[in-house]
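Report on one structure; see the data block that follows.
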Amino acid sequence: MNEYVITAENLTKSFGDFTAVDRISFEVRRGEIFGFLGANGAGKTTAMRMFCGLILPSSGKASIGGFDVYRETEAIKRNIGYMSQRFSLYDDLTVQENINFYAGIYGMSRKAIREKSAPLLKQLGLEAERNALVGSLPLGWKQKLSFSVAIFHEPKIVFLDEPTGGVDPITRREFWQMIYEASDRDITVFVTTHYMDEAEYCHRVSVMVDGRIEALDTPGGLKKSHGAASMNEVFLQLARKAKRKGD
Amino acid sequence: MRTLIVIIQKEFKQILRNPATIKLIFVMPILQLIILPNAADYEIKNINLHIIDHDHSALSRRLTENIRATGYFRIEGYGTDRKAARHAIETEKADIILNIPASFERNLVREGKSGLMIEVNAINGVKGGMGAAYMNSLIHRFNSDIRTEWTGDERFMQAGTIGTTSSFWFNPEMNYSFFMVPGILVLLLTIVAMNLTSINIVREKEIGTIEQINVSPIRKYEFILGKLVPQFILGMVAMTLGFGIARLFYGIVPMGSYLTIYLFAAVYMFTILGIGLLVSNYSATQQQAMLASFFIMMIFVLMSGQYTSIDSMPEWAKWIARVNPVTYFIEVMRRVVLKGAGPGDILPELGIMSAYALLTNSLAVFSYHKRS
């Protein structure tokens, strides 16, 4: 279980003379739930976009699922799932049509999609809404569906960018239940969040401040080393050092 | 291939589910084709005429009747009051004043000649000029009519006259809808193609789904083809609908083959779709895309020879018209529909259009980046 699926070494991204991500280095193991914390503007989204092959790094090394972030971005894309801050299913397509589309562009056959979507819809409790337009669903259901669609093609790694923003606590708990199930299936979960209770659920957590990783450990380890009672305190201690203004 | 089919399926579902696009594709062409050819043509009718008749003779009344009978003039006023006539021109009620002097009939009978005066409101230069020309030829004909009556057949007259006989080719009845409808069909196809594509991709940018596409293994050409093919099919459907209306309402059946038209239309569509894609690549919001394609459409339409004759444009404007793809399609469309041109006759235009299609689409693929 010590196989690394994400490795970063001095990975840096600059925009002009602004260094959004400043020499970050870490590894993530297969099946791990890795929490990627940081205040707004700390550089989380930029780092994640580099891992997903959406932007090229300025310097440093990184590999995702064994593929290089400079040269093998298309191979990376075949092996990851991604759920952005913005809701990214099509409101004017039905639940089933969204599944068909996203699974289809990852090359899944019609038969495989059909076989897999029935139990999924049952698990999500969306059997009755199968042919309803996604736009008509409540936000919590949309987010759970988004996540399910992001891992429908069984990627090695799934990147979640603030997946539970604006979602009620009950749905958030259910959402994390789904993340655990994915992790049990050996899907590595790389997640950013602003909810510190969610940080406690992660196997390991990194905290980014001004483009650098200031701390990286298990939630328990971080609390111990910072003499804090909760992840919230840890985060506040670290984030106060930030000189950069959030956006 | 499977990816492409999946994208095309998704596009069709979204397009057909959106009532606005359905209207754009089906209702707009029908309405435009029914309304525009009847309203927007070069023919000048309803020229408002004010007649000042100081003569009140049989001859002046007969001239008035002749003018009325042509159907081109609407006699707005008739009388002897010069002030009233001036007022009618000033308030835009009249376009032309015809002055019949007091001794019009007497002079003509006694001295063998007489004069009339036409005053024209030239604010609308085309209407005024055409009106004056109509009036002149009308008076000329009236003149020869009475000469024939009074002196017998022109053949027995000493002075010879030159007569002209006109034969109108390709559109013998000088039917304006034959001239207008093919061009309007082209413009419709252009609007449908350009608006749909440019708005479509920008919409994905706005709602954020484009990012989800960009992290997927979809290839650039798959994404762009997946967007182009449905629009292409819809454009063709809109054009077919347009031809149906042209046949039903105006009895227009191309002299050449539909095949020639569709062949050219296919290449043309890809050119316009490419432009639409380019617009969307450089626009961040749907409003931006709308404005940009509206601007391009304005130039395309006004510089295409549909509503204004290219031959009478200044040299620099002719160049714009010459690089305008719409010009080529309208030209080809008129040639095939009215003259019966075949594929061999439109080869140069087809070549140019293919080059355009290649150019715009290469630029579109080149400027679309999955990576920012």
Q) Any residue in region B:269-287 that is open to solvent by 30 Å² or more (accessible area, probe 1.4 Å), closer than 20 Å to residue B:9 by Cβ and assigned by TED's automatic domain parsing to the domain that holds residue B:189? A) no
Q. Do we have residue B:295 as under 22 Å from residue B:32 (Cβ atoms), open to solvent by 30 Å² or more (accessible area, probe 1.4 Å) and touching a residue at least 40 places away in the same chain (Cβ under 8 Å) here?
A. no
Q.
Considering only residues that are part of a helix (DSSP H, G or I), charged (D, E, K, R) and in contact (Cβ under 8 Å) with a residue 24 or more places away in the chain, which ones fall in region A:100-159?
A. A:116, A:129, A:142, A:144
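For region A:82-99, give me each residue that is free of Cβ contacts under 8 Å to residues at least 60 places away in the same chain, within 18 Å of residue B:211 (Cβ to Cβ) and more than 8 Å from chain B (Cβ to nearest Cβ).
Of everything in region A:82-99, just one residue is free of Cβ contacts under 8 Å to residues at least 60 places away in the same chain, within 18 Å of residue B:211 (Cβ to Cβ) and more than 8 Å from chain B (Cβ to nearest Cβ), namely A:98.
Can you tell me which residue is nearest to residue B:265 (Cα to Cα) among those in region B:348-360 that are open to solvent by 30 Å² or more (accessible area, probe 1.4 Å) and over 24 Å from the mean Cα position of the chain (by Cα)?
Restricting to residues being open to solvent by 30 Å² or more (accessible area, probe 1.4 Å) and over 24 Å from the mean Cα position of the chain (by Cα), the top hit is B:354.
Have a look at A:218, A:164, A:193 and point out the one that is open to solvent by 10 Å² or more (accessible area, probe 1.4 Å) and of a type in the set (Val, Ile, Thr). Before the answer, list the steps.
Numbers: A:164 fails: open to solvent by 10 Å² or more (accessible area, probe 1.4 Å); A:193 fails: open to solvent by 10 Å² or more (accessible area, probe 1.4 Å).
Step by step, each of A:218, A:164, A:193 is checked, and only A:218 is open to solvent by 10 Å² or more (accessible area, probe 1.4 Å) and of a type in the set (Val, Ile, Thr).
Do we have any residue at all in region B:249-264 that's farther than 15 Å from residue B:336 by Cα and exposed (fewer than 15 other Cβ atoms within 10 Å of the Cβ)? So that I can check it myself, show each step before the final result.
Of the residues in region B:249-264, the ones farther than 15 Å from residue B:336 by Cα are B:249-251.
Narrowing the set further to residues that are exposed (fewer than 15 other Cβ atoms within 10 Å of the Cβ) leaves B:251.
Checking region B:249-264: at least one residue is farther than 15 Å from residue B:336 by Cα and exposed (fewer than 15 other Cβ atoms within 10 Å of the Cβ).
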Q) Within the bounds of region A:38-53, is there any residue that is within 14 Å of chain B (Cβ to nearest Cβ), surrounded by 21 or more Cβ atoms within 10 Å (Cβ to Cβ), of a type outside the set (Lys, Arg) and not in a helix (DSSP H, G or I)? A) yes
Q. What do you reckon, is residue B:54 buried (at least 19 other Cβ atoms within 10 Å of the Cβ), more than 30 Å from residue B:226 (Cα to Cα) and more than 28 Å from the chain's Cα centre (by Cα)?
A. no
Q. Can you tell me how many residues in region B:256-279 are within 20 Å of the chain's Cα centre (by Cα) and either not in a helix (DSSP H, G or I) or not hydroxyl-bearing (Ser, Thr, Tyr) (or both)?
A. 5
Q) Tell me, which residue of region B:184-195 that is out of contact with any Pro (no Cβ under 9 Å at 6 or more places or on another chain) and surrounded by 24 or more Cβ atoms within 10 Å (Cβ to Cβ) is farthest from the other protein chains (Cβ to nearest Cβ)? A) B:186
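Scan region B:310-328 for residues that are in a loop (DSSP other than H, G, I, E, B) and surrounded by 10 or more Cβ atoms within 10 Å (Cβ to Cβ) and jot them down. Break it down stepwise before answering.
First, pick out the residues of region B:310-328 that are in a loop (DSSP other than H, G, I, E, B): B:313-314, B:324.
Within region B:310-328, B:313, B:324 qualify.
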Q. Consider residue B:206 against the criteria (1) without any contact (Cβ under 8 Å) to a residue 60 or more places away in the chain; (2) within 19 Å of residue B:17 (Cα to Cα); (3) open to solvent by 10 Å² or more (accessible area, probe 1.4 Å): it satisfies all of them except one. Which criterion is unmet?
A. (1)
Q. Is region B:175-189 home to any residue that is of a type outside the set (D, E, K, R) and closer than 19 Å to residue B:12 by Cα?
A. yes
Q. Among the numbered criteria (1) on the phi < 0 side of the Ramachandran plot; (2) in contact (Cβ under 8 Å) with a residue 60 or more places away in the chain; (3) of a type outside the set (Lys, Arg), which single criterion is violated by residue B:352?
A. (2)
**Q.** Check on residue B:297, over 20 Å from residue B:170 (Cβ atoms) and in contact with a Gly (Cβ under 6 Å, 6 or more places away or on another chain)
**A.** no
Q | Pairs with Cβ under 6 Å, 6+ apart, first in region B:241-266 and in the same structural domain as residue B:28 (by TED's automatic domain parsing), second open to solvent by 60 Å² or more (accessible area, probe 1.4 Å) and not in a helix (DSSP H, G or I) | A | B:247/B:253
Q) Restricting attention to region A:73-81, does a residue exist that is at the interface with chain B (Cβ under 9 Å from one of its Cβ atoms), within 17 Å of the chain's Cα centre (by Cα) and open to solvent by 60 Å² or more (accessible area, probe 1.4 Å)? A) yes
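Which residues, taken from region B:329-372, are assigned to a helix (DSSP H, G or I) and touching a Lys or Arg at 6+ places or on another chain (Cβ under 8 Å)?
B:345, B:346, B:365
Please find, within region A:55-72, the residue that is most open to solvent (accessible area, probe 1.4 Å) out of those that are outside any loop (DSSP other than H, G, I, E, B) and touching a helix residue (DSSP H, G or I) at 6+ places or on another chain (Cβ under 6 Å).
Once the filter is applied, the top-ranked residue is A:67.
Just checking, does region B:59-68 include any residue being open to solvent by 20 Å² or more (accessible area, probe 1.4 Å) and aliphatic (A, V, I, L, M)?
Here is the first cut: in region B:59-68, the ones open to solvent by 20 Å² or more (accessible area, probe 1.4 Å) are B:61-62, B:65-66, B:68.
Among the residues that remain, those that are also aliphatic (A, V, I, L, M) are: none.
No, because not a single residue in region B:59-68 is open to solvent by 20 Å² or more (accessible area, probe 1.4 Å) and aliphatic (A, V, I, L, M).
The values are calculated or read from the model by the stated rules, or taken from the named source; none is laboratory data. Only a predicted model underlies this, so the values are computations on that prediction, with no experimental measurement involved. Glycine also receives a Cβ, built like all others from the backbone with ideal geometry; neighbour counts cover every protein chain displayed. What goes into the accessible areas is simple: the full protein's heavy atoms, side chains included, and nothing from ligands, DNA or RNA. Shrake-Rupley method; radii C 1.70, N 1.55, O 1.52, S 1.80 Å.
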